[in-house]
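Working notes, structure below.
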Amino acid sequence: MTTDFFKGKKIVITAGPTYEKIDPVRFIGNYSTGRMGYAIAEELANLEANVILVSGPTALKIEHENIQVHHVESALEMYHKCIEVFSDCNLAIMSAAVADYRPEHYHDVKIKKNEEVLTINLIKNPDILYTLGHAKKAGQLVIGFALETHNEIENAREKLRRKNADAIVLNSLNDPGAGFKHDTNKISIILEKGTIFEFPLKDKHAVAKDILNCIAENLA
Ligand code: C5P
């Protein structure tokens, strides 16, 4: 069933962290490795989907005839690329750990350590998942991720509603082996109609297969 559902579909996936520049040598980032998003991209490409991978800075390499990779650095660059490609996509899977804020001003010369306290004002980045969720038309699906430390299901449900997603893949930071910096992940999938599917700890390629099966079986 999964095989047929994704074949020939155009799918945009975000993966990895974003880097928000402070000055020519410094940035604000996070620990995301991109492994979950890259695993989903590869599984989809093997199912003959036409994948557009919008990747933040990561050490990962991917080469597949069904994957077009666009390397971006900041949340704003990721946002613009996603907006550009989304209108004729069937599906968007937003697995990137997008920085919520960026420095208000970029210093074009390196900041000197003259002050005892340095203040950097941060301003909010656009929410890509929210934007695509509210732009989607009939026939388009938008899937998000959530990494929560408390009230996990409740927070993920609220995210699903607010961002108008069709499903949220929840990873808990409380589960050993799940989330950033691991080859494994433990997820639950929350669907728009309220159903929750829970999965055991698995390697990220097996998790990617579970996510795709769940989409094909429940959202097709
Ligand atoms: O609100 P929160 O960051 O917890 O939501 C996580 C989900 O939203 C993930 O799917 C992430 O890729 C997406 N997101 C986004 N743009 C942002 C922030 C989060 O697409 N600026």
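No value in this document is a laboratory result; all are computed from the given coordinates. All values reported here derive from a predicted model rather than from experimental measurement. FYI the Cβ positions are ideal-geometry reconstructions off the backbone, even for glycines, and counts take in every protein chain you see.
Placing +1 at every Lys and Arg Cβ and -1 at every Asp and Glu Cβ, with all other atoms neutral, what dipole size does the chain have around its Cα centre, in debye to the nearest 20? Each step should come with its number before you reach the end.
Values: 26 positive and 30 negative charges, 41 e Å.
Dipole magnitude for the chain comes out near 200 debye.
What are the equivalent ellipsoid semi-axes of the stretch 10-218, built from the alpha-carbon gyration tensor (square roots of five times its eigenvalues), in whole angstrom, biggest first?
29, 19, 17
Going down the list 10/159; 9/186; 136/163; 81/209; 21/124; 7/163, which pairs span over 18 Å between their C-alpha atoms?
From 10/159; 9/186; 136/163; 81/209; 21/124; 7/163, over 18 Å: 10/159; 9/186; 81/209; 7/163.
Can you compute the modelled spin-label distance between residue 148 and residue 206, with each label point 7 Å from Cα toward Cβ, in nm?
Placing both labels 7 Å beyond Cα along the Cβ direction yields 2.5 nm.
Using a Cα-Cα cut-off of under 17 Å, which lysines could be cross-linked to residue 181, ignoring same-chain neighbours fewer than 8 residues away?
61, 202, 204
Mind giving me the FRET efficiency for residue 213 and residue 183? R0 is 25 Å, r the Cβ-Cβ distance, nearest 0.05 is fine.
0.80
Counting only C-alpha contacts under 8 Å and six or more residues apart, can you give the relative contact order of the stretch 10-218 as a whole percent?
19 percent
If R0 is 30 Å, what FRET efficiency do you get for residue 193 and residue 77 from their C-beta distance, rounded to 0.05?
Here the calculated transfer efficiency is 0.30.
Compute the long axis of helix 204-218 from its Cα atoms, compare it with the longest principal axis of the Cα atoms of the chain, and write down the angle in degrees, 0 to 90, nearest 10.
50 degrees
How much length would be gained if the chain were fully extended between residue 175 and residue 117, taking 0.36 nm per residue of separation minus their Cα-Cα distance, in nm to one decimal?
Between residue 175 and residue 117, full extension yields an extra 17.2 nm.
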